[in-house]
Amino acid sequence: MEAIALGKTGLTVPPLCLGTWAWGDKLFWNYGDNYGEEQLQAAFATAVDAGVTFFDTAEVYGLGLSEQFLGKFIKQTSQKVQIATKFGPLPWRWDGKSVSEALTESLKRLQLERIELYQVHWPFTFFLSQETLMNTLADEVQKGRIGAIGVSNYSASEMRNVHKILSARGIPLAVNQVRYSLLTRQIESNGILQTARELDVTILAYSPLAQGLLTGKYTTSYKPTGARSIDPRFSQDGLNKIAPVLSLLEKIGNKYDRTPAQVALNWLIAQGNVIPIAGVKNAEQVKQNVGALGWTMTKDEFDEIAQITQPWKN
């Protein structure tokens, strides 16, 4: 499996990342209803066996449970696993010490001495300046507790600002984790993708399947549960709007014996410097997502998908 570099950090990871927002989350993903720890452990083992050893989490996912599950599962494998987690600059975190303390707690939950990629979850920092935040994280890189620094949900100008702060410390900005899928292509028109390429910052694409819309499994008679059930995109009008997109993905997928979801993930990977984060709750979902790897569509097929999803760039 060809590895992808995280910016200019020298760190390399698989071309697909597996997301663990659902690991322990009851509010949005109904953890405990039709899946639990046993299913999550099977998902982790299946991923590692397939060579997809890059996992994304956050301190807030499952209120810490997601990190705890990963920490427990990592201890049960001899394979090298790379973890990306996220720090939230909450109002009561107003100095560098509070940033380091949050990192310490994530390390404890993950049962690790070092986190490969530590990301800032959102750009608004309340009473904590970007300078203090980034310089504290740079200190942690030098201490060896962080391998690379990333951000999430940062605009093009915000990315430039933190890139400048870190560059002054001789440390590259590794990633910007943003919402990106065939149905959310705004980063192509708002400057984020172009700026990331200019600065050699890798894009981590969260919700690459538009929270399941691009799987093609949802209909007016079969809707998702939880918070997604009231999302207008899953309504009759919303599903009608994306029907031509799903039809094209299915057509291309049939040629390669792949699903619409696998084609959608492959399209993101094909751009280069983009790593999709596919959420998983069980082993079967891992197998489905891994099917996005190991094949290449033609340029005409890539362009055809790009053309039909143009309305989702703005």
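The values are calculated or read from the model by the stated rules, or taken from the named source; none is laboratory data. This one's a predicted model, so the numbers in the text were calculated from it and none came from an experiment. Because the Cβ atoms are built from the backbone with ideal geometry, glycine has one as well, and the counts that use them run over all protein chains shown. Heads up: the accessible areas ignore ligands, DNA and RNA and are worked out on the full protein's heavy atoms, side chains in. Shrake-Rupley method; radii C 1.70, N 1.55, O 1.52, S 1.80 Å.
Per-residue SASA remark: Met1, around 130 Å² accessible (1.4 Å probe; ligands, DNA and RNA not included).
Put simply, the amide H of Ala58, placed in the peptide plane, has neighbours under 5 Å in Glu67, Lys86, leaving out anything fewer than 5 places away on its chain.
When the C-alpha to C-alpha distance is required to be over 30 Å, the pairs from Lys80/Lys164; Lys217/Lys313; Lys72/Lys251; Lys97/Lys164 that qualify are Lys80/Lys164; Lys72/Lys251.
Would you calculate the convex hull of the Cα atoms in the range 52-133 and tell me its volume per residue in Å³? Don't skip to the end; give the middle numbers.
Numbers: hull volume 7.3 nm³, N = 82.
Hull volume normalised by residue count: 89 Å³.
Subtracting the Cα-Cα distance of Ala45 and Lys108 from 0.36 nm times their residue separation leaves 20.5 nm of extension gain. Three principal axis extents of the range 164-314 based on alpha-carbon atoms, in descending order, are 55, 35, 33 Å.
Apolar share of the accessible surface for the range 1-135: 54 percent from carbon plus sulfur atoms, 1.4 Å probe. Straight-line reach from Lys26: taking Cα to Cα under 17 Å and skipping same-chain neighbours fewer than 8 places apart, the aspartates and glutamates in range are Glu37, Glu38, Glu59, Glu67.
Can you say what percent of the DSSP beta bridges in the chain, counting only those with both residues inside, are antiparallel? Round to 5.
Just about 10 percent of them are antiparallel.
Taking every Cα-Cα distance in the chain and sorting them into 10 Å bins from zero, the calculated P(r) comes out as 6, 27, 35, 24, 7, 0 percent.
Of all the options Gly144, Gly170, Gly216, the one that moves most in a Gaussian network model of the chain with Cα springs shorter than 10 angstrom is Gly170. Computed from the alpha carbon positions, the gyration tensor of the range 80-169 leads to an equivalent ellipsoid with semi-axes of 20, 15, 12 Å, biggest first.
Heavy-atom surface analysis with a 1.4 Å probe gives the range 159-308 a carbon and sulfur content of 50 percent of its accessible area. Taking all protein chains into account, the per residue accessible area for the chain stands at 43 Å² (1.4 Å probe). As an exercise, identify the trypsin sites (Lys or Arg not before Pro) in the range 148-185 lying in DSSP coil whose Cβ has no more than 12 other Cβ atoms within 10 Å. Answer in residue order: no site qualifies. Solvent-accessible area of Phe73, all protein chains in place: 0 Å² (probe radius 1.4 Å, heavy atoms, ligands and nucleic acids excluded). With the simple model of a label 7 Å out from the Cα in the direction of the Cβ, Leu27 to Asn240 spans 3.4 nm. Could you tell me how far the Cα centroid of the range 132-160 sits from the Cα centroid of the range 256-307, in Å? Cα centroid to Cα centroid, the span is 29 Å. Under the simplified labelling scheme, the Trp295-Asp257 pair shows an inter-label distance of 0.8 nm, with each label point 7 Å from Cα along Cα→Cβ.
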